[in-house]
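Visitor: Right, I'll just put the structure down here and ask away after.
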Amino acid sequence: MTHRINDMWDEADRRLIRKSMAAPILDFEREMELARAWRDHRDAGALDELVQAYMRLVIAQAVRFRNYGLPLNDLRQEGVVGLMQAAERFDPERGLRFSTYAGWWVKSAMQEFVLRNWSIVRLGSSATQKSLFFRLRRLRARIRAGGEAMADDEVRETVARSLSVRIEDVERMERQIDGRDCSLHAPLGEGGSESFEDRLRDEGPDPETLAENAVDGRRRSLWLRESIAALNEREQTIIRERRLRENGRTLEELGRWFGISKERVRQIEQRALLKLRASLLSRLGKDAAPLVAGA
């Protein structure tokens, strides 16, 4: 077992593993003595001995989590954090072995690390979703190894019953586990020079153009408001009611409003549009034409 673990680490880590495996296993009385020395007197030497004695727990857990594709060194460091948390929270008066208590904290720290780093898409954080994430593949393998031929839907139903979750939750977690994140810089095909990033093309305007358009849009809106304000009251009303409302009024409606014929309303509208065009052209030049045409 030790030789197999050593093959997964570099030389510096191998030295740490050898040191951890050589550390004596503490008996119950020694655990309690060290735990009390740390709790009551903040004895750093006692904490170091306690942590070093159970680094083997961290290493063993890191190896168990290696199939999630995360660096072993990072897993080990997270496990050490869990071990330190266990030492900080451990109550020697409850009569529980520190090794048993620390094992839960080490495993929990690594699980949290895997969940945070498995995907850029955040995975579920509830206890049920965590259990589903870490047990799904193992349960699927166990069910398929049972010898009975089962369709995918039947496997999902069995998993859902075993974990007391909905089939939809199983399907969603399957998609997240089986569809890992892919780097945009990853090559397309073996030996190819083209990457996923090369296929992503933004056909829209660049940021500079967007900024210029925004400034120009605000300026044109201001000039349009000023040009409308230069019209007489009836012309302003007709332009606003006919051109600036989401559901513009008809010529007939405005005719009844002003007590004139709809043809007369049309004439006033055309005259107002010509005034607007002249006003805007004097400010903007030819760029005003598309604006007035869409007014």
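The values are calculated or read from the model by the stated rules, or taken from the named source; none is laboratory data. Small disclaimer: the values here were computed from a predicted structure and weren't measured. In this analysis, Cβ positions are derived from the backbone assuming ideal geometry, glycine residues included, and neighbour counts consider all displayed protein chains.
Visitor: Would you check if there is a residue in the range 57-69 being farther than 20 Å from K130 by Cβ, surrounded by fewer than 20 Cβ atoms within 10 Å (Cβ to Cβ) and out of contact with any His (no Cβ under 6 Å at 6 or more places or on another chain)?
Guide: Yes, the range 57-69 contains a residue that is farther than 20 Å from K130 by Cβ, surrounded by fewer than 20 Cβ atoms within 10 Å (Cβ to Cβ) and out of contact with any His (no Cβ under 6 Å at 6 or more places or on another chain).
Visitor: Quick one: how many residues across the range 34-45 are surrounded by fewer than 20 Cβ atoms within 10 Å (Cβ to Cβ) and part of a helix (DSSP H, G or I)?
Guide: Looking only at that region, the number is 7.
This table checks each residue for (1) among the basic types (K, R); (2) modelled with pLDDT of 85 or more; (3) assigned to a helix (DSSP H, G or I).
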position: E49; (1), (2), (3): no, yes, yes
position: R56; (1), (2), (3): yes, yes, yes
position: L96; (1), (2), (3): no, yes, no
position: S99; (1), (2), (3): no, yes, yes
position: K107; (1), (2), (3): yes, yes, yes
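Visitor: Among the residues of the range 130-146, is any modelled with pLDDT under 75, crowded, with 17+ Cβ neighbours inside 10 Å, closer than 24 Å to R116 by Cα and not assigned by TED's automatic domain parsing to the domain that holds M110?
Guide: Yes, the conditions are met somewhere in the range 130-146.
Visitor: If G179 passes every condition in (1) at pLDDT below 75; (2) more than 24 Å from N67 (Cβ to Cβ) but one, which one does it miss?
Guide: For G179, the failing item is (2).
Visitor: Here's a follow-up. Of everything in the range 208-255, what is without any contact (Cβ under 8 Å) to a residue 40 or more places away in the chain, of a type in the set (K, R) and either closer than 19 Å to Q267 by Cα or in contact with a strand residue (DSSP E or B) (Cβ under 8 Å, 6 or more places away or on another chain) (or both)? Give them in sequence order.
Guide: Passing the criteria: R234, R240, R242, R249.
Visitor: Just the residues that are under 29 Å from the mean Cα position of the chain (by Cα) and surrounded by 19 or more Cβ atoms within 10 Å (Cβ to Cβ), please, taken from the range 71-106.
Guide: Within the range 71-106, L75, R76, E78, G79, G82, L83, W105, V106 qualify.
Visitor: While we're here: Those residues that are modelled with pLDDT under 80, part of a loop (DSSP other than H, G, I, E, B) and of a type in the set (G, A, S), I need them from the range 184-236; list them, please.
Guide: Hits for the range 184-236 are A186, G189, G191, G192, S193, G204.
Visitor: Next question, about the same structure. Output the residues belonging to the range 24-33 that are in contact (Cβ under 8 Å) with a residue 24 or more places away in the chain and either in contact with an Asp or Glu (Cβ under 7 Å, 6 or more places away or on another chain) or surrounded by 15 or more Cβ atoms within 10 Å (Cβ to Cβ) (or both).
Guide: Selection gives L26, E31, M32.
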